[in-house]
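Written out below as structure tokens is the structure these notes cover.
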Amino acid sequence: MITPQQADALLREIDAALDEATDREQAIETATALIARHLPHYDWVGVYVLQDGMLNLGPYVGAHTEHTLIPVGKGVCGTAVTENRSQIVADVRALDNYLACSLETRAEIVVLIRDPDTSRILGQIDADSDTVGAFDTSDEAFLEQVAARLASLWQREAE
Ligand code: SME
């Protein structure tokens, strides 16, 4: 859960940081660091880039994970791609198709990063929380705005 005030303030900070960033990797690093620093219920936050049917982990903040390469369809991350929509999981212990990053993780949210012109999936923002039910549609709306900003980095790179 994130308040509109928190979201606005954080998006302004992310915008300022992204203006300064020189490449996509650095921009993702900065954005994920800001999110983790300002939102205590985000215990892990990272970005996966979709390429050739695989999700490749880019910069992240939080515990080390072995899931650096996730096939489409696997886990919450891969399911977001197959179902072509965001995922909000209140308690990962209730899932069969789940890839554990940390044993403490309870809630997870995945929001897709899309090409603004074609809606093609470019990647996703993934966040974990150690608190059951930590994420709701306010987090989804916030992360969608972050995802839209990150999508422009793919475009900048293609220019
Ligand atoms: N839990 C994710 C894997 C990524 S880690 O949480 C960093 C999943 O089930 O796809």
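The values are calculated or read from the model by the stated rules, or taken from the named source; none is laboratory data. Just so you know, these numbers come straight off a predicted model, no measurement behind them. Positions of Cβ are backbone-derived with ideal geometry, glycine not excepted, and every protein chain shown enters the neighbour counts.
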When Thr79 is evaluated against the numbered criteria (1) in a strand (DSSP E or B); (2) more than 16 Å from Ile2 (Cβ to Cβ), which criterion, by number, is the only one it fails?
-> (1)
Of the conditions (1) buried (at least 22 other Cβ atoms within 10 Å of the Cβ); (2) free of Cβ contacts under 8 Å to residues at least 40 places away in the same chain, the single one that Val81 does not satisfy is (2)
If you go through the stretch 59-68 one residue at a time, do you hit one that is on the phi > 0 side of the Ramachandran plot, of a type outside the set (Val, Ile, Thr) and in contact with a Gly (Cβ under 9 Å, 6 or more places away or on another chain)?
-> yes
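Listed here are the residues, each with its yes/no results for (1) within 13 Å of the ligand (Cβ to nearest atom); (2) of a type in the set (A, V, I, L, M); (3) out of contact with any Leu (no Cβ under 8 Å at 6 or more places or on another chain); (4) in contact (Cβ under 8 Å) with a residue 40 or more places away in the chain.
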{"residue": "Gly46", "(1), (2), (3), (4)": "yes, no, no, yes"}
{"residue": "Asp52", "(1), (2), (3), (4)": "no, no, yes, no"}
{"residue": "Ile121", "(1), (2), (3), (4)": "no, yes, no, yes"}
{"residue": "Asp130", "(1), (2), (3), (4)": "yes, no, yes, yes"}
{"residue": "Glu144", "(1), (2), (3), (4)": "no, no, yes, yes"}
{"residue": "Ala148", "(1), (2), (3), (4)": "no, yes, yes, no"}
{"residue": "Ala151", "(1), (2), (3), (4)": "no, yes, no, no"}
Boolean, Ala107 is surrounded by 16 or more Cβ atoms within 10 Å (Cβ to Cβ), modelled with pLDDT of 95 or more, in contact with a Leu (Cβ under 8 Å, 6 or more places away or on another chain) and not polar (S, T, N, Q) | no
